[in-house]
Ligand code: KG4
Ligand code: ZN
């Protein structure tokens, strides 16, 4: 019985159709190019773009899945957290569809959905979910850096988050200081491939503190002062590559060290990683090597499902329905600041 899911919490308009843990269709219309001109996401523009693209993207997802709206078993959408005007477009469209089709509606927590994204397109979810729990989940995006202790399915606790900038924000802001286009994360990843990560030494904030929180604004400030003191450095392409590799190494070092430390302390057997920054190659490599050495199973979200997508919303909504979660009222409002507990 298929389920339609919509995701419009930030700058991706996404629709997906899932059925029994399988993604039948998954479409994302990204607004990254539009917002690049402004150096960040402009909420009003994001909402207008969602309105323009939501219906075509949804139609196409249903068409690709070969599913008529009447065949849908349920409808889901992201309820929060996110940009209020952006969230509203997807949530209200999904509620209207559920009302017209007389189907249950589920308003989904965006970060809770990220927790399940490493299972998309993997082996059968039923076996997997139990095999890989409990686990420690790292969610790293442009807006958040979260460490979550997942005890069992739909049962998790937030154990740490960033006290200032998110990891993705640190990539983007240090990239901007180096003159790279927004979002700079993928560009730093690319340039760092041919750079020396030990060329320059930057701080690893909070790496030794006995908690699960993160901080990245000090690293950004340190890059700013470094560039002020070495104004000619960016003119040399190899120096730029080395700088990218060194900044990336500092961010990745903190993420890997703190994630593995939490996993050891809480005696879990598995680590999962999702969110836009989870597509970073150095992070994937370092986590892979560290998990192998310390004998943790590692579940990385597929690159296609690292960034915001409706497939993860659908997968979680379907699990919730199967586990008899209550549907969300059709007049339920968005929750832009909904915190993960
Ligand atoms: O999850 P996401 O698509 O959107 C939200 O922020 O919710 O994450 C976007 C963030 C941006 O900060 C972007 O620079 C970063 O993910 N990012 C990367 C890479 N790809 C995307 N950061 C480092 N390396 C990458 N390959
Ligand atoms: Zn996200």
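Observations, loosely collected:
- Residues of segment 145-170 that are at pLDDT below 95 and either under 15 Å from the mean Cα position of the chain (by Cα) or outside any strand (DSSP E or B) (or both): 153, 154.
- Matching residues in segment 61-81 - criterion: being within 18 Å of residue 49 (Cα to Cα) and either out of contact with any strand residue (DSSP E or B) (no Cβ under 9 Å at 6 or more places or on another chain) or part of a helix (DSSP H, G or I) (or both): 61
- Of all residues in segment 280-322, those being part of a loop (DSSP other than H, G, I, E, B), touching a residue at least 40 places away in the same chain (Cβ under 8 Å) and surrounded by fewer than 23 Cβ atoms within 10 Å (Cβ to Cβ) number 1.
- Checked against the criterion of being surrounded by fewer than 17 Cβ atoms within 10 Å (Cβ to Cβ) and farther than 21 Å from residue 276 by Cα, the candidates 103, 48 yield just one match: 48.
- Count of segment 257-267 residues which are crowded, with 21+ Cβ neighbours inside 10 Å and in contact with a helix residue (DSSP H, G or I) (Cβ under 9 Å, 6 or more places away or on another chain): 2
- Every residue from segment 171-187 that is more than 16 Å from ligand 2 (Cβ to nearest atom), modelled with pLDDT of 95 or more and buried (at least 17 other Cβ atoms within 10 Å of the Cβ): 173, 174, 175, 177, 178, 180, 184, 187
- Members of segment 7-30 that are within 16 Å of ligand 1 (Cβ to nearest atom) and either assigned to a strand (DSSP E or B) or surrounded by fewer than 24 Cβ atoms within 10 Å (Cβ to Cβ) (or both): 7, 12, 13, 14, 16, 26, 27, 28, 29, 30
- Test: residue in segment 196-212 that is in the same structural domain as residue 142 (by TED's automatic domain parsing) and not in a loop (DSSP other than H, G, I, E, B): no
- Scanning segment 171-195 for residues that are outside any loop (DSSP other than H, G, I, E, B), farther than 19 Å from residue 303 by Cα and touching a helix residue (DSSP H, G or I) at 6+ places or on another chain (Cβ under 7 Å) turns up 173, 174, 175, 177.
- Residue check, residue 39 within 13 Å of ligand 1 (Cβ to nearest atom), surrounded by fewer than 24 Cβ atoms within 10 Å (Cβ to Cβ), at positive phi and assigned by TED's automatic domain parsing to the domain that holds residue 309: yes
- Just one of (1) in contact with a strand residue (DSSP E or B) (Cβ under 7 Å, 6 or more places away or on another chain); (2) within 16 Å of ligand 2 (Cβ to nearest atom) fails for residue 318. It is (2).
- Every listed requirement among (1) modelled with pLDDT of 95 or more; (2) out of contact with any helix residue (DSSP H, G or I) (no Cβ under 7 Å at 6 or more places or on another chain); (3) not in a helix (DSSP H, G or I) is met by residue 231 save one, (1).
- Each residue in segment 288-309 was checked for being touching a strand residue (DSSP E or B) at 6+ places or on another chain (Cβ under 7 Å) and away from ligand 1 (no atom under 13 Å from the Cβ), and 6 pass.
- Top-ranked residue in segment 323-341 [being more than 16 Å from ligand 2 (Cβ to nearest atom) and buried (at least 18 other Cβ atoms within 10 Å of the Cβ); ranked as nearest to residue 19 (Cα to Cα)]: 327
- Applying the set (1) touching a strand residue (DSSP E or B) at 6+ places or on another chain (Cβ under 6 Å); (2) assigned to a helix (DSSP H, G or I); (3) buried (at least 24 other Cβ atoms within 10 Å of the Cβ) to residue 273 leaves exactly one unmet item: (2).
The values are calculated or read from the model by the stated rules, or taken from the named source; none is laboratory data. It should be emphasised that the depicted structure is a prediction, and the values quoted were computed from it without experimental measurement. Note: ideal-geometry Cβ built from the backbone for every residue, glycine included; neighbour counts use all protein chains shown.
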